[in-house]
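Here is the structure we will look at, set down as structure tokens.
The values are calculated or read from the model by the stated rules, or taken from the named source; none is laboratory data. These numbers come from a predicted model, not from an experiment. Positions of Cβ are backbone-derived with ideal geometry, glycine not excepted, and every protein chain shown enters the neighbour counts.
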Amino acid sequence: MNLLVISGGRHPYEESTPVLTRFLIQAGHTITVTEDASILADSERMGGFDALIFNSLRAGEMTLSEDEQAGMKGYIGSGNGFVCIHISGCVPDEWQEYREITGGGWVMGVSYHPPYGQFTVNVSQPGHPGVEGISDFVTNDELYMGLEYADDNDVFMTGDSEDGTHAWGGKETFMAGGTFPLGWTRSYGEGKVFVTLLGHNGLSFETAEFQKMVLNGIEWAAAR
């Protein structure tokens with residue numbers, strides 16, 4: 001498949017995007033990687049891609065322009081696939097409608113997570129195409145909490161955390177334990193949307209099960 005990867009923003013994409021590019025190419029895909037989101041507004045160029053992948057934090061100064069927003073909505077809504085990785089699902093203050101595409105995600109000033117570290121990812125829906133060939137696995141990553149997400153998201157992957165107090169925003173913060181969504185799918189117009197909250201840095205992207213999940217998500221999202 002011919003895939004467009006949008007990268008860039010306040011996250012270690014200099015680590016993660018090269019790993020993403022490597023395993024997508026190894027899987028036989030053709031990849032275009034760019035930090036210039038203006039391509040989203042070019043419907044002719046976008047028509048040549050089988051799926052769009054965001055490994056990018058597009059909030060604040062990097063929030064998509066109105067033309068880029070419209071192009072992205074048109075591309076996905078007309079029946080194309082969108083794969084959204086980690087904090088790429090952050091809903092910018094300037095574009096609340098993005099939540100309708102992603103089904104929610106990280107909220108600046110609201111969401112939080114325990115320190116980066118190793119934890120178990122639970123496959124909560126084994127029959128879901130996103131986790132085909134994958135069972136519960138251990139990864140090095142961030143376990144997102146305090147998210148906003150839609151009730152109609154089809155959650156296929158979760159993580160568990162116990163109550164704890166951790167440094168956050170310069171102060172000690174209590175984080176209630178529980179089971180938290182780490183991956184879901186949904187529809188936007190005629191298009192398919194695949195979201196995983198995993199994938200903080202290069203080490204996170206090196207997890208074999210993570211790579212398999214992303215490849216599964218691309219196959220699912222791009223299928224007509």
*Residue pairs meeting the criteria (Cβ under 6 Å; at least 6 apart or on separate chains; first farther than 15 Å from I85 by Cβ, in the stretch 13-38; second of a type outside the set (A, V, I, L, M) and assigned to a helix (DSSP H, G or I))*: A37/E68
*Which of the residues that make up the stretch 111-156 are among the aliphatic types (A, V, I, L, M) and either within 19 Å of S88 (Cα to Cα) or surrounded by 14 or more Cβ atoms within 10 Å (Cβ to Cβ) (or both)?*
V121, V123, V131, I134, L143, M145, L147, A150, V155
*Only one of (1) farther than 17 Å from V214 by Cβ; (2) at pLDDT 95 or above; (3) among the polar types (S, T, N, Q); (4) within 17 Å of the chain's Cα centre (by Cα) is not met by T63, so which one is it?*
(2)
*For L182, are the conditions met, namely being assigned to a strand (DSSP E or B) and either surrounded by 21 or more Cβ atoms within 10 Å (Cβ to Cβ) or free of Cβ contacts under 8 Å to residues at least 12 places away in the same chain (or both)?*
yes
*asked:* Being farther than 16 Å from A37 by Cβ, out of contact with any Phe, Trp or Tyr (no Cβ under 6 Å at 6 or more places or on another chain) and surrounded by 14 or more Cβ atoms within 10 Å (Cβ to Cβ) is the filter here; which residues of the stretch 81-110 pass it?
replied: G81, H86, R99, E100, G105, W106, V107
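Rundown of residues vs (1) farther than 25 Å from W220 by Cα; (2) among the aromatic types (F, W, Y); (3) at pLDDT below 95, yes/no style:
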position	(1), (2), (3)
G109	yes, no, yes
Y116	yes, yes, no
V121	no, no, no
P129	no, no, no
S135	no, no, no
V138	no, no, no
Y144	no, yes, no
E148	no, no, yes
D154	no, no, no
*asked:* Every residue in the stretch 184-207 that is more than 20 Å from P12 (Cβ to Cβ) and either modelled with pLDDT under 95 or not polar (S, T, N, Q) (or both), please.
replied: W184, R186, Y188, G189, E190, G191, K192, V193, F194
*For residues that are in a loop (DSSP other than H, G, I, E, B) and out of contact with any strand residue (DSSP E or B) (no Cβ under 9 Å at 6 or more places or on another chain), scanning just the stretch 4-58, find the one that is surrounded by the fewest Cβ atoms within 10 Å (Cβ to Cβ).*
G28
*Is it the case that some residue within the stretch 161-175 is closer than 17 Å to H200 by Cα, surrounded by 14 or more Cβ atoms within 10 Å (Cβ to Cβ), free of Cβ contacts under 8 Å to residues at least 60 places away in the same chain and among the small types (G, A, S)?*
no
